Amino acid sequence: MDRAIPVAGSEEIDLYMRTYYSLLRSSGPIRVKAMEETHGAMNSSLHSRATEIYPDIGAFTYAYLRLPPIIVQTHEIILGQSEEVFERRGHTRVDRWELTEAPARRRKMFYKEGVLAAFIASVSDIDDLIPIVVTFQIEWNKMHHLLKDPSILELLKSAITEQQPLTDESQRIIREILSLGEGQWEQLHRLFGSELTGILLRMAQQEMDLLITLLASSLTDYKRATQGWWDTIATHADGVFLRYRPVYFVSSNMHSIVNLLSGYAREQESKLAAFLKEHNPETLWDDYARLMAEEQHPQRYNLLYYALKYYRQIEPDITPQRTWESQGGIQQIENPLYLDVAAQVIELNRLVPDRFDSRLQIDGLERLQRSNALIFNVDYPLGMAAYQLLSQVTSSVGAIRGVYIIGKAATLNGRVGDVMIPNVIYDEHSQNTFLFRNVFTASQLSPYLLSNTVFDNQKAVTVRGTLLQNREFMGLFYKEGYTDIEMEGGPYLSAVYENIYPKRYPVNEIVNLFINARYDIGILHYASDTPYSKRQALLSESLSYRGVDATYACSIAVLRRIFEMELAHMGRVGSE
């Protein structure tokens, strides 16, 4: 039954992908306009109003947040895997251009004189970036055509000249022209803040006509970039002897594992509490004051970990924190060359159990001082970059003792913040259905998930891109019992397969990893999207503090499992 699932879910999505890959083979730049028709025809769930006259503010917001703000001044986007690729095509030292970032997507990007250089780690970056850029241009140009009336131009210019916000009457006029409800108008306000009038004027004056150039597309170029990433990490971690030590591989984020192990946020609680009281971001002080009445309430620690992110905005000197972490065996490699995937190398024998979050305490932790194993944690990559990174790691370290994946996903039947634990994953990249024993069950997470639900024995589908889905696509999988939609599980399992078997991963097969898997495989997804629910909420809101509960529940479960497995391994070795 699983093998009968179509590769992409609909002919329209297939056609769209064939179109942009065909166009990107061109040696010169291509116009984004050439992809707009097939983009609209696929009827993406996240951009279902692409062909309508009036703007889809939810889709526009989704795309804009995944591009750097400088996109409004950009006329060409160039894609390459490494500095060498850019240099071969005449773009020298792009790393010295202006560094620019997208609020909701990690990708190395640099800007110079209307040209945006984006580093891509795998084909998944193309499947992610192209639909985002097309969505942005379609929606920008809808608003351009509606706002370019001379009277609207004059209204906006007058507000800019007088350095005054738009009057209520001016806002009403613009809202009516764009056919926006109050909620959509507020969404634009949140998106652009005080820059809204200037952005609307730029929209009215400028039609977007972006060009895209793919500088190189060979598998060799992607492999070179991954090798360069690893060489950077190995150099930074030279004293740890990565090549000779066993590793527990974790793909999660750069904060939760370290916060739980280092104890730094709890050590700085008085400073963080004073900061929350003064600034109260996301009204977190109200929550903190309530939780203080329950001193041992675990949510209090989660809140402190989250508050540390905001505290860094007023106290950016991170040196004391890094020194504290280093003393406890935690090394941060935050900006490796080539790929925008940070890493942490954690030596189990140098950890300080007294600093651990109380939820990590288990019997025998003091014995870890005799362990030679490491935790190698990466900031979760996008799509096929996961396959490339894990393949590189498995071929470059002493041995793998476990692979643990924590990532975001869309859920078709849960709520934002719920956790899904799959034991079946259909992978759109390889067209394989992976069957595996997930070492985690609901009972291992439920004690730490205070306000949401855990669903185990789930079926997940790894998609090529968030916008490369429509209701037909999701409906087909939902009928087959797939309720967990994500982007990394399949590629990671392809890398696990090649680490277990003496051949490349297969294509379009049912792959049973129960049989020969000689180490832990643990995959946890927490829901950030509910695409069958209110679509505007999906597109316009970040997970923010709502995701902290699930993030830390997953991270606690992973760390407890690693400690238990390592202590058991040490016991077996000691008894031999």
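Assorted remarks:
- Residues of segment 73-92 that are of a type in the set (S, T, N, Q) and without any contact (Cβ under 8 Å) to a residue 60 or more places away in the chain: 73, 92.
- Exclusive hit being closer than 28 Å to residue 33 by Cβ, in the same structural domain as residue 38 (by TED's automatic domain parsing) and polar (S, T, N, Q), set 164, 137, 171: 137
- Any hit, segment 340-352, residues being farther than 28 Å from residue 389 by Cα, not assigned by TED's automatic domain parsing to the domain that holds residue 108 and not small (Gly, Ala, Ser): yes
- Strands (runs of 3 or more DSSP E) contained in segment 473-535 and holding at least 3 residues of a type in the set (A, V, I, L, M, F, W, C): 520-529
- In segment 256-286, the residues that are touching a Leu at 6+ places or on another chain (Cβ under 6 Å) and farther than 18 Å from residue 360 by Cβ: 272, 276, 284, 285
- Yes/no for residue 54 being modelled with pLDDT of 95 or more, within 29 Å of residue 176 (Cβ to Cβ) and either touching a Pro at 6+ places or on another chain (Cβ under 8 Å) or surrounded by fewer than 21 Cβ atoms within 10 Å (Cβ to Cβ) (or both): yes
- Test: residue in segment 151-169 that is of a type in the set (S, T, N, Q), surrounded by fewer than 20 Cβ atoms within 10 Å (Cβ to Cβ) and within 19 Å of residue 73 (Cα to Cα): no
- Some residue of segment 284-296 being touching a helix residue (DSSP H, G or I) at 6+ places or on another chain (Cβ under 9 Å) and at pLDDT 95 or above: no
- Segment 478-496 - residue that is buried (at least 21 other Cβ atoms within 10 Å of the Cβ) and more than 20 Å from residue 456 (Cβ to Cβ) and, of those, modelled with the lowest pLDDT: 487
- Among the residues examined, residue 477 does not qualify as out of contact with any strand residue (DSSP E or B) (no Cβ under 8 Å at 6 or more places or on another chain) and either outside the structural domain of residue 14 (by TED's automatic domain parsing) or under 22 Å from residue 50 (Cα atoms) (or both).
- Pairs are defined by a Cβ separation below 6 Å, a sequence spacing of at least 6 or placement on different chains, a first member in segment 387-400 that is within 23 Å of residue 371 (Cβ to Cβ), and a second member that is in a loop (DSSP other than H, G, I, E, B) and not polar (S, T, N, Q); the pairs so defined are 398/245; 400/519.
The values are calculated or read from the model by the stated rules, or taken from the named source; none is laboratory data. All values reported here derive from a predicted model rather than from experimental measurement. Glycine gets a Cβ as well: all are built from the backbone with ideal geometry, and neighbour counts include every protein chain shown.
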